[in-house]
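A.B. asks: Here's a structure for you.
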Amino acid sequence: MSKLSSVTAFFPAYNDGGTIPSMVLMAFKVLPQLTDDYEVVVVNDGSQDHTGEMLAELATRYDRLRIVTHAHNQGYGAALRSGFANATKDWIFYTDGDAQYNPCELTNLRLALRDGIDIVNGYKISRQDPFHRIVIGRLYHHLVKRVFGLPIRDTDCDFRLFRRNLLEHVQLESDSGTIALELVKKFHDAGFRFAEVPVNHYHRAYGQSQFFNFRRLFRTAVQLGALWWKLVIKKRTELPLAGNAQPELGSPGSG
């Protein structure tokens, strides 16, 4: 496995004081296998637990760790946009700070990179969540895949590796969990190629999901409708530009 030119590993964190240290440590363990030029960025999105204290302690030990702090909780989408804006390396890997994914599986994403592949997206082998979250997650996935025409099997898997310069071609706007859908849809519409690999998903060991409450679900539903109108319905009424590249779905074994 040849090394990448450079990688930013990025974790959004909100009340993840019990898990973010292990995520940072695993990132520093795996990154030297992939590149000689790397950094770890954590966006502390207004956490009210001891996330800030844990990150401050880690920063005294790792000079390649950079911390971005939001004074108030701005939402998952805002945290991702902050992380992307602060990434300085050629490739960006990101996953959540709650330890439901293992950063060491980043090596699997790297193995899926082939010529012409721009994004490697994980998909959950088996979702390890309470039953109601599994049901809602499946309904959400099938809904958005159908109405947005997405090319991947798991839009709700925030375990991704992609070229940083892709962000120069899209403008992300969501401040809620719909940002993952927006990112995939805009990358797909821009003609970038995807590969997919299976990844493990683990039970939440600390804290609780911030997504499953009425206020956030309502805001997500509103943003989902706005995205559908803008990225699907409105786009259908516009004349296609001549010469647009047709997006393709790559596979780990493609050349």
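The values are calculated or read from the model by the stated rules, or taken from the named source; none is laboratory data. This structure is a prediction, so every number in the text was calculated from the model and none was measured. Virtual Cβ from ideal backbone geometry, glycine too; neighbours counted across all protein chains shown.
A.B. asks: Could you tell me which residue of region 24-50 is surrounded by the most Cβ atoms within 10 Å (Cβ to Cβ), considering only residues that are under 14 Å from Arg66 (Cα atoms) and touching a residue at least 40 places away in the same chain (Cβ under 8 Å)?
C.D. replies: Only one residue fits best here, namely Val42.
A.B. asks: Tell me which residues, restricted to region 4-34, are part of a strand (DSSP E or B) and aliphatic (A, V, I, L, M).
C.D. replies: Result: Val7, Ala9, Ala13.
A.B. asks: Also, quick follow-up: Give Tyr123, Tyr101 a once-over and let me know the one that is closer than 15 Å to Val199 by Cα, touching a residue at least 24 places away in the same chain (Cβ under 8 Å) and either buried (at least 19 other Cβ atoms within 10 Å of the Cβ) or over 17 Å from the mean Cα position of the chain (by Cα) (or both).
C.D. replies: Tyr101
A.B. asks: Select from region 22-57 the residues that are out of contact with any helix residue (DSSP H, G or I) (no Cβ under 6 Å at 6 or more places or on another chain), among the acidic types (Asp, Glu) and closer than 24 Å to Gly77 by Cα and list them in ascending order.
C.D. replies: Those that are out of contact with any helix residue (DSSP H, G or I) (no Cβ under 6 Å at 6 or more places or on another chain), among the acidic types (Asp, Glu) and closer than 24 Å to Gly77 by Cα: Glu39, Asp49, Glu53.
A.B. asks: On the given criteria, is Thr60 at pLDDT 95 or above, more than 29 Å from Ala190 (Cα to Cα) and surrounded by 18 or more Cβ atoms within 10 Å (Cβ to Cβ)?
C.D. replies: Criteria not met by Thr60.
A.B. asks: May I pose another question? Report the residue count in region 70-127 for those that are over 20 Å from Thr155 (Cα atoms) and either touching a Cys at 6+ places or on another chain (Cβ under 9 Å) or among the small types (Gly, Ala, Ser) (or both).
C.D. replies: 5
A.B. asks: Within the set of pairs 6+ apart or on separate chains, which have a first residue in region 144-155 that is assigned to a helix (DSSP H, G or I), a second that is polar (S, T, N, Q) and at pLDDT 75 or above, and C-beta atoms under 8 Å apart?
C.D. replies: Val144/Thr155; Lys145/Thr155
A.B. asks: Do you know which of the residues in region 143-193 that are among the aromatic types (Phe, Trp, Tyr) and modelled with pLDDT of 90 or more is nearest to the chain's Cα centre (by Cα)?
C.D. replies: Only one residue tops the list, namely Phe159.
A.B. asks: Give Thr60, Thr19 a once-over and let me know the one that is touching a residue at least 60 places away in the same chain (Cβ under 8 Å) and out of contact with any helix residue (DSSP H, G or I) (no Cβ under 7 Å at 6 or more places or on another chain).
C.D. replies: Thr19
A.B. asks: Related question: Give the residue, chosen from Pro21, Pro103, Pro32, that is touching a Leu at 6+ places or on another chain (Cβ under 7 Å) and at pLDDT 95 or above.
C.D. replies: Pro21
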